[in-house]
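Colleague: A single structure is presented below for examination.
The values are calculated or read from the model by the stated rules, or taken from the named source; none is laboratory data. Quick caveat: nothing in here was measured; it's all calculated off a predicted structure. Neighbour counts run over all protein chains shown; Cβ positions are idealised from the backbone, glycine included.
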Ligand SMILES: Nc1nc2c(c(=O)[nH]1)N[C@H]1C(S)=C(S)[C@@H](COP(=O)(O)O)O[C@H]1N2
Ligand SMILES: [Mo]
């Protein structure tokens, strides 16, 4: 038989229960993450936190497989989902570490060190992050994580050994009145199976309160960190910008077609779709931001923000579309952009003879290292291509590329529309591939002709009689010549088209349908300015844009 002394029992009792240890690990991980947020906030200058850099590294590593999945699953909420995922996984791993550390604390220490190493490594590969910030944030997170785990496990041990905070000194000679069912054995508190419940519950509650306080403090620290981070941000700089008047304006604003729930001709900035790989939007200090022209340009130069705004500018309405947009999808929008023609800037930079036309490439590089490239002749063939700094009369919104971005009519965003511009490089077509090219997307990305039904909605129940069928159609840089609608397998009917500023924008269309009773399928197709009709062949977005006709089924009933 084993020796079963009171001493042995007491020390065994001092082993922290699994649940408590998991709680301690969870709270320690929360504190570690919060320490990272706080350091990033104090560092300022838009320095990302460990959660943010790990998320960015994850995006760059898995972008090719995720782009489709993420867009499909979360729409533009994919970033929030990623951040939540990283936090949840970190906390869960923290809980596991806590359990492992209750017998061997070294395991807990190693766990947090590995956490810190992953964070630090992500800082080193992140274009936006400074290594120094990464070092301090990672070390702080590791130190805080280990300290909190140690403190909570020690507290847990004291509580468990003492069987509850309410228990007076165990040396008490008399049975302790408050521990009704407890029995003092040899000067130590011995708990009968049932008797232990009451004081253990008290102890558990005390431990829970401590852990909850740690988690709450972590929440406060993380919030303060986030606040600090946003204080010196682009948003602050943007609010002080005064835009110049455009030197010349493209065709003036056109009236929007008045059909209930059809997309307005101009997409308000708040409703404009957003797609990018940036988990934290690059933050800019306008005093130090420069737009550089380089690569193989003959006369590399750079512009300050004020220089850029002082140049002659144009204002043009251009429809942007994402290559990931599905048939009927909403990753498309139309805005009035103000900026400096790219051709003028390239002229100043000097494009070597051998790089003019299709042998050359214009590469936009963003502050966070994202890149996109398109053929040189696109910049010089007379279409709208500009370094834009304003969108719908406002300084470029931060999420749409403040302080400056590229806008090129007729090309999908992934090959052209670099936001948060840092550098524009002149290079050879074969000398560089933009971000999405090695990830399986086509090197050239002209926007395919597309049309979409906005109203009636899919599955709508309508009354027989006159019904407005309406939507938008686009083929930027070629324009739309006709839009046709078909009911079931009936003949194609020409639609009425709204006004457009130019061939670079989408057009609103409407068909006045005398709807007969029954389940009906409405299909739309457009023909571009070159006379080419949208193909009915169904293709997925990868590798160069979706095709197919958009249709919707509605139920028409007698009134
Ligand atoms: N810096 C940067 N610019 C970027 C991207 C990006 O990931 N990073 N994504 C591009 C893609 S795929 C598209 S479709 C457009 C979308 O522009 P928007 O978010 O302003 O609508 O931005 C482009 N510019
Ligand atoms: Mo895109």
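Colleague: Which residues, counting only those in the stretch 424-441, are over 15 Å from residue 360 (Cβ atoms) and either at pLDDT 95 or above or surrounded by 19 or more Cβ atoms within 10 Å (Cβ to Cβ) (or both)?
Modeller: 435, 436, 437, 441 - these are the residues of the stretch 424-441 that are over 15 Å from residue 360 (Cβ atoms) and either at pLDDT 95 or above or surrounded by 19 or more Cβ atoms within 10 Å (Cβ to Cβ) (or both).
Colleague: What number of residues within the stretch 258-284 satisfy the criterion of being surrounded by fewer than 19 Cβ atoms within 10 Å (Cβ to Cβ), under 25 Å from residue 78 (Cα atoms) and away from ligand 2 (no atom under 16 Å from the Cβ)?
Modeller: 4
Colleague: Only one of (1) within 16 Å of residue 295 (Cβ to Cβ); (2) assigned to a strand (DSSP E or B) fails for residue 418. Which number is that?
Modeller: Only one criterion in (1) within 16 Å of residue 295 (Cβ to Cβ); (2) assigned to a strand (DSSP E or B) is unmet by residue 418, namely (2).
Colleague: Quick one: is residue 304 without any contact (Cβ under 8 Å) to a residue 12 or more places away in the chain and either within 16 Å of ligand 2 (Cβ to nearest atom) or surrounded by fewer than 20 Cβ atoms within 10 Å (Cβ to Cβ) (or both)?
Modeller: When the stated conditions are applied, residue 304 does not pass them.
Colleague: Residue 465: more than 16 Å from ligand 2 (Cβ to nearest atom), surrounded by fewer than 24 Cβ atoms within 10 Å (Cβ to Cβ) and modelled with pLDDT under 95, yes or no?
Modeller: No: the conditions fail for residue 465.
Colleague: Among the residues in the stretch 333-346, are any within 16 Å of ligand 2 (Cβ to nearest atom), under 28 Å from the mean Cα position of the chain (by Cα) and over 20 Å from residue 248 (Cα atoms)?
Modeller: Yes, the conditions are met somewhere in the stretch 333-346.
Colleague: Quick check on the stretch 60-78. Is at least one of its residues surrounded by 14 or more Cβ atoms within 10 Å (Cβ to Cβ), assigned to a helix (DSSP H, G or I), more than 16 Å from the chain's Cα centre (by Cα) and at pLDDT below 80?
Modeller: no
Colleague: Can you tell which of 489, 559, 530 is part of a loop (DSSP other than H, G, I, E, B), modelled with pLDDT under 95 and over 29 Å from the mean Cα position of the chain (by Cα)?
Modeller: Being part of a loop (DSSP other than H, G, I, E, B), modelled with pLDDT under 95 and over 29 Å from the mean Cα position of the chain (by Cα) holds for just one of 489, 559, 530, which is 559.
Colleague: How many residues are within 13 Å of ligand 1 (Cβ to nearest atom) and at positive phi if we restrict to the stretch 384-410?
Modeller: 2
Colleague: Mind listing just one residue for me: the one in the stretch 368-377 that is modelled with pLDDT of 95 or more and closer than 21 Å to residue 125 by Cα and, of those, surrounded by the most Cβ atoms within 10 Å (Cβ to Cβ)?
Modeller: That would be 372.
Colleague: So which residues in the stretch 411-423 are surrounded by 24 or more Cβ atoms within 10 Å (Cβ to Cβ) and more than 9 Å from ligand 1 (Cβ to nearest atom)?
Modeller: 411 - this is the single residue of the stretch 411-423 that is surrounded by 24 or more Cβ atoms within 10 Å (Cβ to Cβ) and more than 9 Å from ligand 1 (Cβ to nearest atom).
Colleague: Out of (1) more than 16 Å from ligand 1 (Cβ to nearest atom); (2) part of a strand (DSSP E or B), the odd one out for residue 502 is which?
Modeller: Among (1) more than 16 Å from ligand 1 (Cβ to nearest atom); (2) part of a strand (DSSP E or B), residue 502 violates only (2).
Colleague: So for the stretch 254-273 (the condition being touching a helix residue (DSSP H, G or I) at 6+ places or on another chain (Cβ under 8 Å), within 15 Å of ligand 1 (Cβ to nearest atom) and either in a loop (DSSP other than H, G, I, E, B) or modelled with pLDDT under 95 (or both)), does at least one residue qualify?
Modeller: Yes, there is a match, as at least one residue in the stretch 254-273 is touching a helix residue (DSSP H, G or I) at 6+ places or on another chain (Cβ under 8 Å), within 15 Å of ligand 1 (Cβ to nearest atom) and either in a loop (DSSP other than H, G, I, E, B) or modelled with pLDDT under 95 (or both).
Colleague: Going through 403, 476, 446 one at a time, which residue ends up being more than 23 Å from residue 296 (Cβ to Cβ), away from ligand 2 (no atom under 15 Å from the Cβ) and touching a strand residue (DSSP E or B) at 6+ places or on another chain (Cβ under 7 Å)?
Modeller: None of the other options fit; the residue is 403.
Colleague: While we're on this one: Among (1) under 31 Å from the mean Cα position of the chain (by Cα); (2) surrounded by fewer than 20 Cβ atoms within 10 Å (Cβ to Cβ); (3) under 25 Å from residue 514 (Cβ atoms), there is one condition residue 446 misses while meeting the rest; what is its number?
Modeller: Exception for residue 446: condition (3).
Colleague: Identify the residue in the stretch 307-332 that is in contact (Cβ under 8 Å) with a residue 60 or more places away in the chain and touching a helix residue (DSSP H, G or I) at 6+ places or on another chain (Cβ under 8 Å) and, among all such residues, is nearest to ligand 2 (Cβ to nearest atom).
Modeller: Only one residue fits best here, namely 322.
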